[in-house]
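Notes follow the structure.
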Amino acid sequence: MEKRIYNFSAGPAILPEPVIKKAQEDLFMLPGVGMSILEISHRSKTFEAILASAKDGLRKLLDIPENYDILFLQGGASLQFSMVPMNLMPPVNKADYIVTGVWAKKAVKEAKRVGTVNISYTAEASNFNHVPKQSDIVLDPEAAFVHYTSNNTIYGTQFDYIPETGGVPLVCDMSSDILYKKIDVSKFALIYAGAQKNIGPSGVTLVIIRKDLLERSQDSLPTMLNYKTHTENDSMFNTPNTFGIYIIDLVAKYLLENGGLDAMYETNKKKAALLYDCFDSSNGFYRAHALPGSRSLMNVTFNLPTPELEKQLIAEATAAGFDGLKGHRSVGGLRASIYNAFPLQGVVDLVAFLNDYKKKNA
Ligand code: PMP
């Protein structure tokens, strides 16, 4: 193959090309080190500097205040479904969950093993085609925390606001939209995200935790599942995902050198608008799964008049170099994941392809 194809995968997903090229250069020998990034000890000065730089880059990009720790853990976002309630639910042992998709449901399932879960809102009856308005969320002022998923990767819905919780700590699964724009981190008690969409490769999970929350973690917790273990050891209690953290450092540097998250957000809005405008002007040939007001800038999900037309479109698109457009089985149809690293030109080309396909098949 002579050129890279357009990768619309939901995750692991496309990374910035300069990051891949730099990693390729460093893979044989890190400059001045004489060893590959894959071969160095996590206790080496070189790796310590990479970890510090990755944290520093994220702190700058998101303006993470000093009273928050940044952790690089393993076990994916899925392990956070357990770690969050195990660490943060006691002593009141009840929490509020806003259910806007399959990942939120999985988080609820794990939280129920620890304590009482109050479902503050669920969009399940409409196959998760929207996120709630603030006024639709029913909160318990005595809950240990409120948990929500900012972007629903499978359904293509996204919160365009941060829920107000009246002082109850807010926990967010930001796996599929972290870094898509600047957010006010001080509104959150804890943010977690699997790295494999907007931050880096799979196998490393970012956790941003407000330090006062650590008082809740009880010593009786298994060592590896206690946030304190990881804050006290700077994510190096055991061997971390050294390669993953190295890539996160490169991604953060790349974003900082390219206008930071404000620039990302401007491009992300443009990319998503191109697709939604294409659907809205297609006389119903293309239908977005997400309702207006809930439409994701990261995962654009849509359907055609019949499953046969969808299947044929996916086949023709794949042959034309647009990869990964098949939707998740729970919504069917198509999904174009257009994370930070996905180029604007790729969306322009996809829209031209969709318009052409409609002309031939409508
Ligand atoms: N939450 C969200 C919003 C996701 O999109 C995913 C994975 N696609 C997960 C959680 C699970 O992440 P992991 O595979 O890292 O456990």
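The values are calculated or read from the model by the stated rules, or taken from the named source; none is laboratory data. All figures in this text were calculated on a predicted structure; none of them were measured in a lab. Quick reminder, even Gly has a Cβ in these numbers, built from the backbone with ideal geometry, and neighbours come from all protein chains shown. When the accessible area is computed, the model is the full protein with side chains, heavy atoms only, and any ligands, DNA or RNA have been set aside. Shrake-Rupley method; radii C 1.70, N 1.55, O 1.52, S 1.80 Å.
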Segment 133-275, convex hull of Cα, quarter of hull surface, nm² -> 10.4
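Could the peptides 202-208, 57-63 be put in order, highest first, of the mean number of other beta-carbon atoms found within 10 Å of their residues?
202-208, 57-63
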If R0 = 56 Å, then residue 359 and residue 109, at their Cβ-Cβ distance, give a FRET efficiency to the nearest 0.05 of 0.80
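Find how much the distance from residue 202 to residue 136 grows on full extension, using 0.36 nm per residue of separation minus their present alpha carbon separation; answer in nm with one decimal.
Numbers: separation 66, 0.36 × 66 = 23.76 nm, distance 3.45 nm.
That works out to 20.3 nm of additional length.
Rank-order 288-298, 261-271 by packing density, defined as the average count of other C-beta atoms within 10 Å over each peptide's residues, highest first.
Working: 288-298: 21.0, 261-271: 16.9.
Peptide ranking by packing, descending: 288-298, 261-271.
Could you tell me how many cubic angstrom of Cα convex hull volume segment 218-299 has per residue? The partial results should precede the final answer.
Working: hull volume 15.1 nm³, N = 82.
Per residue, the Cα convex hull of segment 218-299 comes to 184 Å³.
Using only alpha carbon pairs under 8 Å that are at least six residues apart, calculate the relative contact order of segment 1-117 and give it in whole percent.
Relative contact order, segment 1-117: 14 percent.
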Relative contact order as a percentage, segment 260-361, C-alpha pairs under 8 Å and 6+ apart, gives 30
Of the residues 297, 347, 267, the Cα lying farthest along the dipole of segment 260-361 towards its positive end, which is defined by charges on the beta carbon of Lys, Arg, Asp and Glu, belongs to 297
With Cα springs under 10 Å, the Gaussian network model of the chain assigns the largest mean-square fluctuation among 339, 161, 276 to 161
Counting only protein heavy atoms and rolling a 1.4 Å probe, one gets per residue an accessible area for the chain in Å² of 43
Here segment 260-361 gives, from Cα atoms, an Rg and Dmax in Å of 13.0, 42
If amide H atoms are modeled at 1.01 Å from N in the peptide plane, then the residues at a separation of 5 or more from residue 176, or on another chain, having amide H under 5 Å from its own are 151
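Carbon and sulfur: what percent of the chain's accessible surface (1.4 Å probe)? Spell out each step's value before the answer.
Values: 8370 of 15730 Å².
Answer for the chain: carbon and sulfur cover 53 percent of the accessible area.
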Membrane-span-like helices (DSSP H runs, Cα span along own axis at least 20 Å, mean Kyte-Doolittle at least 0.5) in the chain -> 242-257
For the pair residue 329 and residue 273, the simple spin-label estimate (label points 7 Å beyond Cα toward Cβ) gives in nm 3.8
Once both label points are put 7 Å beyond Cα along the C-beta direction, the residue 233-residue 48 separation in nm becomes 1.7
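Relative contact order for the chain: what percent, with Cα pairs under 8 Å and sequence separation of 6 or more? The partial results should precede the final answer.
Numbers: 678 pairs, mean separation 84.8, N = 362.
Answer for the chain is 23 percent.
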In a Gaussian network model of the chain with springs linking alpha carbons closer than 10 Å, the residue among 333, 115, 259 that fluctuates most is 259
Distance in Å, no decimals, from the C-alpha centre of segment 276-317 to the one of segment 27-92 is 37
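Rounded to the nearest 500, what is the chain's calculated 222 nm mean residue ellipticity when only DSSP H runs of at least 4 contribute -39500 (n - 2.57) each, over all residues? Don't skip to the end; give the middle numbers.
Details: 9 runs with 127 residues, N = 362.
Computed ellipticity for the chain at 222 nm equals -11500 deg cm²/dmol.
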About its Cα centre, the chain carries a charge dipole, from +1 on Lys and Arg Cβ atoms and -1 on Asp and Glu Cβ atoms, whose size in debye to the nearest 20 is 660
FRET efficiency (residue 116, residue 67; Cβ distance; R0 25 Å; to 0.05) is 0.30
dims of the chain, Cα set, principal axes, largest to smallest, nearest Å -> 64, 56, 30
